[in-house]
Amino acid sequence: MTIVITMAGLGSRFIKAGYQVPKYMIEAHGKTLFEWSMESLNGFHTQDNHYIFIVRKESESKDFIQRKCKDMNLLNISIIELDYLTDGQATTAMLANQYWTKESELLIYNIDTYVEAGQMRSEQVEGDGFIPCFHASGTHWSFVKLDEGGKAMEVREKDRISDNCTLGAYYFKSCKLYEELYQEYYSSNENLENGEKYVAPLYNYLISKGGDVRISLVDFDKVHVLGTPEELNIFIETYKG
């Protein structure tokens, strides 16, 4: 499996909150947010996996990732450093195509969430696309609506069409499938949302082509969102390990 970690955002909310290091280097309960987020993927780990990290080019970013991956026994890694902002996570993930094998399964993760280890697992995966979800309040998520048979019918950004909120992990049965969906769907600028190219809408396109998209449900108490300073503070104050 190819696992692409998109971590090339500005982290501006953390900068405004006074943090002096990139978000993924911030420590909580004795680990960096990078380590917490990567622990979420333990259920997918095999020695054959290829981990591709896409990060903003900063003075210590590459050394930091290499060191932490060695500590976690992640040996097959590639690092792409960017000195610019892309037009969305879908585009950021596509930059990994210089390293991936087209036939490999693909998992994209946005590193803003700690899902307790083992809650997301490779044996849960089914279909052409697969989206781990949980139930939470609010409208700031992506949402997945299911049909009576449990197949995904529709995925929407920040539009609460169901209680199934995405966790930021997106699976496609092959890197080739992702490339095709991205190139076809985003060939029209009309498909951008708020000027950005998101991953979630690619599932709608896949469904429209007859693809089978499935979800899993993770218990709310096992999900710890780390995307904003406020969410990080909640994790620091409430997580008991």
>> K70 - would you say it is touching a residue at least 24 places away in the same chain (Cβ under 8 Å) and of a type outside the set (A, V, I, L, M)?
In response: no
> Of all residues in the range 46-75, which are within 22 Å of V21 (Cβ to Cβ), of a type in the set (A, V, I, L, M, F, W, C) and either touching a Cys at 6+ places or on another chain (Cβ under 7 Å) or outside any helix (DSSP H, G or I) (or both)?
Replying inline: F53, I54, V55, M72, L74
>> Cβ contacts < 7 Å: first residue at negative phi, restricted to the range 9-25; second residue aliphatic (A, V, I, L, M) and in a helix (DSSP H, G or I), any location; separation 6+ or different chain. Result?
In response: K23/L33; Y24/L33
>> Restricting to the range 186-197, and then to whatever is surrounded by fewer than 20 Cβ atoms within 10 Å (Cβ to Cβ) and not polar (S, T, N, Q), can you tell me which residue is nearest to the chain's Cα centre (by Cα)?
In response: E196
> Quick check: is even one residue across the range 48-62 loosely packed, with under 15 Cβ neighbours inside 10 Å, closer than 24 Å to K222 by Cα and in contact (Cβ under 8 Å) with a residue 24 or more places away in the chain?
Replying inline: no
> Is it the case that some residue within the range 170-192 is within 28 Å of L33 (Cα to Cα) and at pLDDT below 95?
Replying inline: no
> Restricting to the range 128-148, what's the tally of residues that are surrounded by fewer than 19 Cβ atoms within 10 Å (Cβ to Cβ) and either assigned to a loop (DSSP other than H, G, I, E, B) or in contact (Cβ under 8 Å) with a residue 24 or more places away in the chain (or both)?
Replying inline: 9
> For the range 3-45, what are the residues that are assigned to a loop (DSSP other than H, G, I, E, B), closer than 30 Å to K102 by Cβ and modelled with pLDDT of 95 or more?
Replying inline: S40, L41, H45
> Which members of the range 163-182 meet the condition of being part of a loop (DSSP other than H, G, I, E, B) and crowded, with 18+ Cβ neighbours inside 10 Å?
Replying inline: L167, G168, K173
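Residues are listed down the side, and each one gets a yes or a no for (1) without any contact (Cβ under 8 Å) to a residue 24 or more places away in the chain; (2) touching a Cys at 6+ places or on another chain (Cβ under 9 Å); (3) within 18 Å of M120 (Cβ to Cβ); (4) not β-branched (V, I, T):
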site	(1), (2), (3), (4)
F172	no, no, yes, yes
Y182	no, no, no, yes
P201	no, no, no, yes
G227	no, no, yes, yes
K240	yes, no, no, yes
>> Can you say whether D219 is under 19 Å from the mean Cα position of the chain (by Cα) and over 28 Å from L10 (Cα atoms), as far as the supplied structure shows?
In response: yes
>> Please go through the range 183-241 and give me each residue that is over 23 Å from L107 (Cβ atoms) and assigned to a loop (DSSP other than H, G, I, E, B), ordered by number.
In response: S187, S188, L192, N194, G195, T228, Y239, K240, G241
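The values are calculated or read from the model by the stated rules, or taken from the named source; none is laboratory data. All values derive from a computational prediction rather than experimental measurement. Please note: Cβ atoms are built from the backbone with ideal geometry, for glycine as well, and neighbour counts cover all protein chains shown.
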